[in-house]
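Reading through the structure tokens given below for one structure.
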Amino acid sequence: MSIAATDSPEIAADRKDLDEAGGQLLAEDEPRPFELFNLSGRTPVLLICDHATRFIPRSLNALGLDEACLSRHIAWDIGIAEVTRRLAERLEAPAVLSHFSRLIVDPNRQVNNPTSIPEISDGVIVPGNRDLDAPAVAARLEAFFYPYHEAIERQLDRMMTAGTAPALISMHSFTPVMKGQERPWEIGILWNKDPRLPKPLMDRLRADGLTVGDNLPYSGADEHGYSQHVHGDRRGLANALIEVRQDLIDTHHGAADWAERLGDVLEEVLRDPELYRVEHYG
């Protein structure tokens, strides 16, 4: 069951409307900046998906890019939204997914990071992101970045109130080739200091015959990202970021297969009661 942000009574009570600056970017008939999925799931696990869609509101004029560019990985994490929804159903867990392109503002970057609103992404110039002034940046943060992260925080608060510290799983996908280099991993697990979820997850995936990247093709230890650290590490929640290679999940069939494969592994790993308590690692 998918619930749009404006359709949820809880969200309506929490945030009646967007900030005035944000309201200038999203028209009334356009989707809100996040999607709540499978809220009836009672497993103490929250799935989040930072780069679920390539949606850009009409007010931003496709950021000056054509359809070919907006179909590429620079605009979204190809295939991972479907994997996330299928996995949420399999695990009977809730999920929060973004509903805006990472080119507008990247929800998995610190707001002062130069890649937060990229002027160039994988060699592609983004005309609509060039020479933005402070009010234009603030409008994007208020319209997209903050509402999405507030939705994650509220869901975690509700789950904590239920009496169990949930595990947090952040879902992403990566390109098979970057800067001319082939990436051999089928899946990567990114993590920082808390080993409770990532280490047994990697062990179980390798036992399944997969080539698994330990903080590859990116690293969760450099705190370059945002969501995993802010919602997981700072709260002391067991967490891991899962990266699946895009050529494995860029079809409905592939996404379904990988949701089942990950579901099999996670159902086993998530049985550990040590995952469901607050622990801070220095």
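Here are the numbers:
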| quantity | calculated |
| --- | --- |
| Estimated inter-spin distance, Asp29 and Lys193, nm [label 7 Å along Cα→Cβ] | 5.1 |
| Coarse-grained scattering of segment 129-206 at q = 0.18 Å⁻¹, given as base-10 log I(q)/I(0) from a Debye sum over alpha-carbon atoms | -1.01 |
| Helix-only CD estimate at 222 nm, as mean residue ellipticity for the chain, using -39500 (n - 2.57) per DSSP H run (n ≥ 4) | -8000 deg cm²/dmol |
| Sparse-neighbourhood loop sites, trypsin sites (Lys or Arg not before Pro) in segment 109-167 - DSSP loop, at most 13 other Cβ within 10 angstrom | Arg130 |
| Förster radius 41 Å - calculated FRET efficiency between Glu260 and His280 (Cβ-Cβ, nearest 0.05) | 0.75 |
| Protection proxy ranking of 58-68, 171-181 - average other beta-carbon atoms within 10 Å, highest first | 171-181, 58-68 |
| Volume per residue of the C-alpha convex hull in the chain, rounded to whole Å³ | 125 |
| Relative contact order (%) - criterion: Cα under 8 Å, at least six apart; region: segment 139-282 | 33 |
| Peptides 96-108, 236-248, 211-223, 190-202 ordered by average Cβ neighbours within 10 Å, highest first | 96-108, 236-248, 190-202, 211-223 |
| Amide H within-cut-off set for Phe174, under 5 Å, with H built and near neighbours excluded | Val244, Arg245, Gln246 |
| Sequence ranges 164-170, 45-51, ranked by mean other-Cβ count within 10 angstrom, highest first | 45-51, 164-170 |
| Among His253, Pro127, Ala138 - extreme Cα towards positive end, dipole of the chain, charges at beta-carbon | His253 |
| Whole-Hz couplings from phi, Karplus 6.51/-1.76/1.60, listed for segment 178-189; x for Gly and Pro | 9, 6, x, 9, 6, 9, x, 7, 7, 8, x, 10 |
| Added length on full extension, which subtracts the Cα-Cα distance from 0.36 nm per residue, Glu153 to Ala136 | 3.6 nm |
| Viscosity 0.692 mPa s, 37 °C: Kirkwood-radius Stokes-Einstein D of segment 60-167 over Cα pairs, µm²/s | 210 |
| Sum of side-chain charges, Asp77 neighbourhood, beta-carbon under 14 Å (Lys, Arg +1; Asp, Glu -1) | -1 |
| The chain: DSSP helices with Cα axial extent of at least 20 Å and average Kyte-Doolittle hydropathy no lower than -1.0 | 252-269 |
| Potential extension, Thr211-Ala68 segment - 0.36 nm per residue separation minus Cα distance | 48.4 nm |
| Three principal axis lengths of segment 186-233 [C-alpha, angstrom, descending] | 32, 20, 13 |
| Antiparallel bridge percentage (DSSP; both residues within the chain; nearest 5) | 45 |
| Cα convex hull of segment 133-271, projected area averaged across orientations, nm² | 10.5 |
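Quick note: the coordinates plus some simple rules give every number you see, no bench work behind them. The model shown is predicted, which means the values in this text are computed figures rather than measured ones. Glycine gets a Cβ as well: all are built from the backbone with ideal geometry, and neighbour counts include every protein chain shown.
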